[in-house]
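Q: This is the structure, below, for whatever I ask next.
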């Protein structure tokens, strides 16, 4: 048995605005949209995100998530240059001791998304 993938399902009150953020700014494709069900499936390369407007959860008042969505890339510099002036930046691009060059942004729902690329450990040493 093996796991085949991970597709975060993010709750939103604003389905169309969130689809717009992911498609227009992050360049995802909207593969499926069912407005009646309040559901969308988005993808870019090997990354998939599902969006849902919760209807069976009466206590849902606003989006909340205690973690981050980490997206690995092969060109973090290019993505940083494309996004840095279009989004709310959590922290700018930098090299980290865990061997990644990364940056973090917020999406329109305040979900934190990190884009990272593995770097050569030798580049981290002074």
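Each reported figure results from applying straightforward, stated rules to the coordinates on display, with no laboratory input. Since we're looking at a predicted model, the values are computed, not measured. All Cβ positions, glycine included, derive from the backbone under ideal geometry; neighbour counts span all protein chains shown.
Q: Using the beta-carbon distance between residue 23 and residue 96 and R0 = 25 Å, what value does 1/(1 + (r/R0)^6) give for FRET efficiency, to the nearest 0.05?
A: My answer for the efficiency is 0.30.
Q: Can you give the convex hull volume per residue for the Cα atoms of the stretch 1-54, as a whole number of Å³?
A: About 83 Å³ per residue, rounded to a whole number.
Q: Still on this structure, I have one more. Beta carbons within 10 angstrom, averaged per residue: use that to sort the peptides 40-49, 78-87, highest first.
A: In descending order of packing, they fall as 40-49, 78-87.
Q: Under the 0.36 nm per residue contour assumption, what length would be gained going from the current alpha-carbon distance of residue 32 and residue 65 to full extension?
A: Values: separation 33, 0.36 × 33 = 11.88 nm, distance 2.35 nm.
Working it through step by step, the gained length comes to 9.5 nm.
Q: Starting from the exponent 0.38 and prefactor 2.2 Å, build the expected Rg for the stretch 65-126 from its residue count and divide its actual Cα Rg by it.
A: My calculation over the Cα atoms of the stretch 65-126 gives 1.12.
Q: Nearest 5 is fine: what % of DSSP beta bridges in the stretch 1-108 come out antiparallel, could you say?
A: The antiparallel fraction comes to roughly 85 percent.
Q: Helix-derived [θ] at 222 nm for the chain: sum -39500 (n - 2.57) over DSSP H runs of at least 4, divide by residue count, nearest 500?
A: About -3000 deg cm²/dmol.
Q: I've got another one for you. What percentage of all Cα-Cα pairs in the chain are separated by more than 24 Å?
A: Taking all Cα-Cα pairs of the chain, the fraction more than 24 Å apart is 33 percent.
Q: I would also like to ask the following. Please sort 7-16, 108-117 by packing, taking for each peptide the average over its residues of neighbouring beta carbons within 10 angstrom, highest first. Intermediate values should be presented prior to the final figure.
A: Details: 7-16: 15.6, 108-117: 18.2.
Top of the packing list down: 108-117, 7-16.
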